[in-house]
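As structure tokens, the structure follows; a few thoughts come after it.
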Amino acid sequence: MKKILILNANIVNEGRISSGDVFIENGFIAEIGQNLSSKPADKIIDAKGKYLIPGVIDDQVHFREPGLTHKATIYSEAKAAVAGGITSFMEMPNTVPNTLTQELLAEKYARAAQTSLANYSFFMGVSNDNLQEALKTDPKNVCGLKVFMGSSTGNMLVDNEKTLEEIFKNAGMLIATHCEDEQTILKNTALAKEKYGENPSASIHPVIRNEEACYKSSSMAVALAKKFNSRLHILHISTEEEISLFDNTKPLSEKRITAEVCVHHLWFDSRDYDRLGTKIKWNPAVKERRHKEALFKAMLDDHLDIIATDHAPHTTEEKSQNYWKAPSGGPLVQHSLNAMLEFYKQGKISLEKIVEKMSHNPSICFQIEKRGYIREGYWADLVLVDLDSSYEVAKNNILYQCGWSPFEGVNFHSKVTHTLVSGNLVYEEGKFDESNFGKRLSFNRI
């Protein structure tokens, strides 16, 4: 592997910004210090004026392989991810077939090893009838179990209360949940069809998938986790009401119940449906402005622990259907760090906090081995950003296979210039080196 030397960087790490150099050897950060220019390197990157951050770890993506590769592939979306500063991802089990057996899980890992430019992990899916199979999952090399406590894309709804109790009682590893109450959604859907007919505006989405549906399901998950002392991580919190379920009085490493917020719930609100329609149709729904503002505050004050994407691409044709037929989800991995850096530019968040929520905290939350920090002895997952370089999101610079983004037309005032994955420089100034693939994440769990 190449020896790489990064000089004169503004290093954002562990709550502070300092200037320095980083020397990378055999895939790892070998030395961090001042005046390392004499180190023998195959590649030297002058980072003067730029900011070096640990690679972003996205704990929730849908890369659509196998079975839905007309929308995306592990290759295409991991490539978009590294261009956006994401060096590691954790992918969800609602592919086709659903990842409900150890064999299907192993197949996804094998595919990623051959095609993913980013590091990777895959959740094992849980259904109403595969509990014993799910419990075979090895917590040291799989990020967690995924439970849909409310239907989303796919057919993995776990609505059997006895099954849920057994999962929370017996799972010896992290349980990640999608929390929306199915009965509330079905009731609201029936009422909406009666009221709005066959071709309503997408703005009814947060009426159907409302605060009640979210809180009812999330509070049930928290109650189960407290009853059995389970390790629970609730994905994509979208309401002000749910924030009260989470604690910010103890260090993340001591929490048994953690929560994630997604970039789209921090950026968009219900006013954007008129402009973007089903392009911002996500589950859980983008809701009123008060939720967006409360979520941002809760992310800053540590009620919400991680910022992720829930990247879930669909084709333009699929999203162009009317509200009832258009699938939920949208592509985000190429632009999530840019969006958070835009909030920094607006004075709403510090660079240190962005790194904490997107790099450090996913590492702590999932107990990832030797990633998420700029430390000697850690894997060199590193991203250089230029905070004084602007670009507009447009069709010609979107890398998602689906070819569109809800951020089209947005002018970002920062840019990712270099991305290193496990010590390999895979992205540099718009160009990719695809000669090396990412590595499987491992976890420090007993």
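Summary table
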read-out	value
Expected 222 nm ellipticity per residue - DSSP helices of 4 or more, -39500 (n - 2.57), all of the chain, to 500	-7500 deg cm²/dmol
The chain - charge dipole about Cα centre, Lys and Arg +1 at Cβ, Asp and Glu -1, debye rounded to 20	180 debye
Net +/- balance of residues flanking residue 445 in space, Cβ distance below 12 Å, scoring K and R +1, D and E -1	0
Protection proxy ranking of 135-142, 369-376 - average other beta-carbon atoms within 10 Å, highest first	369-376, 135-142
Charge dipole (debye, nearest 20) of region 1-147; +1 at Cβ of Lys and Arg, -1 at Cβ of Asp and Glu	400 debye
Within straight-line cross-link reach of residue 348, aspartates and glutamates at Cα separation under 13 Å, skipping those fewer than 8 residues along the same chain	293, 301
Rg over Rh, two decimals, the chain (C-alpha only, Kirkwood Rh)	0.95
Rh by Kirkwood over Cα pairs, then Stokes-Einstein D for region 147-271 at 0.890 mPa s and 25 °C, µm²/s	157 µm²/s
Spacing of the two label points (7 Å from each Cα toward its C-beta) at residue 320 and residue 106, in nm	4.3 nm
For region 202-207, 3J(HN,Hα) per residue [Karplus equation, 6.51 cos²θ - 1.76 cosθ + 1.60, θ = phi - 60°, Hz, x = Gly/Pro]	5, 5, 7, 4, x, 6
Highest average packing first - 107-118, 388-399, 74-85, Cβ atoms within 10 Å	74-85, 107-118, 388-399
Net charge dipole size for region 56-119 [Lys, Arg +1 and Asp, Glu -1 on Cβ; Debye, nearest 20]	180 debye
Pairwise centroid distance, computed over Cα atoms, of region 342-366 with region 50-114, Å	22 Å
Spread of Cα-to-Cα distances over 10 Å intervals beginning at zero, given as percent, for region 1-125	12, 34, 25, 19, 9, 0
Additional length obtainable on full extension of the chain from residue 431 to residue 271, 0.36 nm per residue less Cα span	53.9 nm
Charge-dipole axis of the chain as Lys and Arg at +1 and Asp and Glu at -1 on Cβ define it, positive-most pick from 326, 191, 300	300
For region 294-424: span of alpha carbons on each principal axis (Å, largest first)	50, 32, 30
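No value in this document is a laboratory result; all are computed from the given coordinates. Fair warning: this is a prediction, and the values are worked out from it, not measured in the lab. Every residue, glycine among them, receives a Cβ derived from its backbone with ideal geometry; neighbour counts consider all protein chains shown.
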